[in-house]
Amino acid sequence: MLAAEKTRLSTTATASVRAEVQTHIDWLKERLAAIDKQLRAQIKDSPIWRVTDDLLQTVPGIGPVTALSLVANLPELGRLNRQQVAKLVGVAPLNRDSGSLRGTRHIYGGRSRVRTALYMATVTAVRCNPVIKEFYQRLQARHKPFKVAIVACMRKLLVTLNTMIQKKTTWHQEIIPSSP
C-alpha cells in the first residue's frame, strides 16, 4: 500500500490531493514503524525467538528484516530436514512428470513471504557471503540462468540457516551442508 501511495503521489496533479496522499504515506510509515517495534518487542520477550533471531543475524546477508520475517513466518526452521524445509518454503525443484513425459523441474508453492525475504537476502549474500558467493560463481561458470542460480543459492542459504538453528551454532563456514 505504501508503494502504491508513493506512485500515486508522483502522478497526482493537484497540490491539495498531493498533500492528502502525503498525509496518508506519513500515517502508513508511522503504522509500519509501530508494528515493527511491536514485533521486535515480542522477539525480545521470547527467549526462543531471541536466540533464533540472534543466530540468524550472524550470517552475512541476513539482516534484522530477514531474520524477523523468518522467525515470524517460518517457525519450523530448525525442526525439519533440508528437503522438507526447502519444499515448505517453495525453493525445492519439483517435477511435472506424467507417464513417459519428463518435464522440467520448477519451484512452486510454499510460503511466498519467506521466499521473498529469502530472495532479497540471497541477492545480498551473493555479494557479501563468501560461501554463497563462491557457489553462485560456480553456477555462473556452468552457464546457469540468473534465476536458476539465485534459487539454488536461496536453497543453500535456507538449508544453512536450518542447520544452524538445529545445531544452535552461529555462522561459520564449516557447518555449510553439501550443495543441493
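Of all residues in segment 27-47, those that are surrounded by 11 or more Cβ atoms within 10 Å (Cβ to Cβ) and closer than 19 Å to LYS168 by Cα total 3.
Every condition in (1) in the same structural domain as THR163 (by TED's automatic domain parsing); (2) surrounded by fewer than 18 Cβ atoms within 10 Å (Cβ to Cβ); (3) part of a helix (DSSP H, G or I) is met by ARG8 except one, and the failing one is (1). Would you please name the residue that is surrounded by the most Cβ atoms within 10 Å (Cβ to Cβ), looking only at residues in segment 75-93 that are assigned to a helix (DSSP H, G or I) and free of Cβ contacts under 8 Å to residues at least 40 places away in the same chain? Filtering first and then ranking leaves LEU88. Would you confirm whether any residue within segment 114-132 is exposed (fewer than 15 other Cβ atoms within 10 Å of the Cβ) and more than 19 Å from VAL65 (Cα to Cα)? Among the residues of segment 114-132, at least one is exposed (fewer than 15 other Cβ atoms within 10 Å of the Cβ) and more than 19 Å from VAL65 (Cα to Cα), which makes the answer yes.
Going through segment 55-101 one residue at a time, which ones are among the hydroxyl-bearing types (Ser, Thr, Tyr) and over 17 Å from the mean Cα position of the chain (by Cα)? Before you say what the answer is, go through the steps one by one.
Just the residues of segment 55-101 that are among the hydroxyl-bearing types (Ser, Thr, Tyr), to begin with: 58, 66, 69, 98, 100.
Across segment 55-101, the qualifying residues are SER98, SER100.
For segment 39-50, the condition of being within 16 Å of the chain's Cα centre (by Cα) and outside any helix (DSSP H, G or I) holds for none of the residues.
Contact map, segment 57-74: residues that are closer than 16 Å to ARG40 by Cα paired with residues that are assigned to a helix (DSSP H, G or I) and aromatic (Phe, Trp, Tyr), Cβ distance under 8 Å, separation 6+ or inter-chain. Pairs shown: VAL71/TRP49. For segment 128-167, the candidate set comprises residues that are among the basic types (Lys, Arg), without any contact (Cβ under 8 Å) to a residue 40 or more places away in the chain and assigned to a helix (DSSP H, G or I); within that set, the residue that is nearest to VAL51 (Cα to Cα) is LYS167.
The values are calculated or read from the model by the stated rules, or taken from the named source; none is laboratory data. Computed from a predicted structure; not experimentally measured. Every residue, glycine as well, gets a Cβ built from its backbone with ideal geometry; the counts of neighbours run over all protein chains shown.
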